[in-house]
Amino acid sequence: MGIVIADDHQRERTWLRDLLQKHLSDLSPIYEAEDGKQAYELSVAHQPVLAFLDVEMPILSGIKSAESIIRELPHTGIIILSNHSDEVFIRKLWKIVPPDSAFAYVLKDSTDQQVVDAARSVLSGDCWIHPRVQRIARRVENGSTGLTDAEFQVLVHIAMGLTDKAIAKRLYITEKAVQARLKCLYTKMNIPTKGLTEEDEFNHRCRALNIGYRRGLINRGELEDWEENLL
């Protein structure tokens, strides 16, 4: 029994702790963590029924912490808290959460009642997804708009400034295969690919990055992590 709440901001932890003590006091005690690593360690030590995890935390992100907790404690309900509805986070969460598990994705501008509803839904074995996130989740799951892993890979690599030749070398594929993936990427982003000549009004790679940033497929934090792994 118990709840783990993890956020690197004391103010956010205090707000969440007070809210949970008011509405879910029967699940006490509440354990607090300042980063994803502490959240994982507290979860393993106390085996809570719920773990509230901020997406962006030092040492270990909320998504990576959730992955470890799910692996070790499949019966602990995961509730992701975020200031962002970035598609990249939703893609990651969808990959690590088992199809039959209960979890929630709650935006931090949610009402107190929405947070409580999310917690109760997870406790009852259901999922709770913030309405704004639901729209993005549908896009991720839609084959005509959601990127495959292969298409997402090339988007990440062009975001880091790699050429087709460099991407092909890193992914162990041909340059022709890279270009085929890029063409699919452009199609799903509604970027006209007919011609691809010097007379086109915009650079297709730059256009893809612009849309990627707007959709939340790329953000500063994730790009920094990708670049670290590149070196």
Seminar exercise, completed: Counting only backbone N atoms under 19 Å from a point 7 Å out along Cα-to-Cβ of Q10, the residues of segment 19-45 in range are 19, 30-36, 38-39
Seminar exercise, completed: For segment 40-56, in residue order, the Karplus 3J(HN,Hα) values (coefficients 6.51, -1.76, 1.60; θ = phi - 60°; whole Hz; Gly and Pro = x) are 5, 5, 5, 5, 5, 6, 10, 6, x, 7, 9, 10, 8, 10, 5, 5, 9
For this session: Taking amide H positions as placed in the peptide plane 1.01 Å from N, state which residues far from I129 in sequence (5 or more) or on other chains have amide H under 5 Å from it.
Result: Y105
Seminar exercise, completed: By the Cα gyration tensor axes a ≥ b ≥ c (a/c under 1.5 gives rounded; else a/b larger than b/c gives prolate, otherwise oblate), the shape of segment 14-117 is rounded
For this session: Provide S110, S144, S43 in ascending order of the number of other Cβ atoms located within 10 Å of each residue's Cβ, fewest first.
Result: S144, S110, S43
Exercise. Trypsin sites (Lys or Arg not before Pro), restricted to segment 141-231: which are DSSP loop and have at most 16 other Cβ atoms within 10 Å?
Worked result: K194
Seminar exercise, completed: In whole Hz, the Karplus estimates of ³J(HN,Hα) for segment 140-150 (6.51, -1.76, 1.60; θ = phi - 60°; x where Gly or Pro) are 4, 7, 7, x, 8, 10, x, 7, 6, 4, 5
Exercise. Stokes-Einstein at 10 °C, 1.306 mPa s, Kirkwood radius from Cα pairs: D for the chain in µm² s⁻¹?
Worked result: 83 µm²/s
Exercise. What's the exposure ranking of C184, C206, going from fewest to most Cβ atoms within 10 Å?
Worked result: C206, C184
For this session: Quick one: order F202, F52 by neighbouring beta-carbon count within 10 Å, fewest to most.
Result: F202, F52
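Let a ≥ b ≥ c be the square roots of the eigenvalues of the Cα gyration tensor of segment 149-230; is it rounded (a/c under 1.5), or, if not, prolate (a/b larger than b/c) or oblate?
Judged from the Cα gyration tensor, segment 149-230 comes out oblate (a/c at least 1.5, b/c at or above a/b).
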Exercise. Let a ≥ b ≥ c be the square roots of the eigenvalues of the Cα gyration tensor of segment 55-162; is it rounded (a/c under 1.5), or, if not, prolate (a/b larger than b/c) or oblate?
Worked result: prolate
Seminar exercise, completed: The size of the Cβ-based charge dipole (Lys, Arg +1; Asp, Glu -1) of the chain about the Cα centre, to the nearest 20 debye, is 800 debye
Exercise. Cβ under 10 Å from I59's Cβ, I59 left aside: what net charge do those residues give with Lys, Arg +1 and Asp, Glu -1?
Worked result: -1
For this session: Starting from the Cα of K95, step 7 Å along the direction of its Cβ; do the same at N229; then give the gap between the two resulting points in nm.
Result: 0.6 nm
Exercise. Can you give the calculated 222 nm mean residue ellipticity of the chain, where each DSSP H run of n ≥ 4 adds -39,500 (n - 2.57) and the sum is split over every residue, rounded to the nearest 500 deg cm²/dmol?
Worked result: -16500 deg cm²/dmol
Exercise. So which lysines can K183 reach, going by Cα to Cα under 28 Å and dropping same-chain residues fewer than 8 places off?
Worked result: K92, K95, K165, K169, K194
Seminar exercise, completed: Once the in-chain neighbours fewer than 8 apart are removed, the aspartates and glutamates whose Cα is under 14 Å from K37 read D7, D8, D54, E56, E67, E72
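None of the figures in this text is laboratory data; all of them are computed from the coordinates on show. A quick note: this is a predicted structure, and the numbers were derived from the prediction, not measured. In this analysis, Cβ positions are derived from the backbone assuming ideal geometry, glycine residues included, and neighbour counts consider all displayed protein chains.
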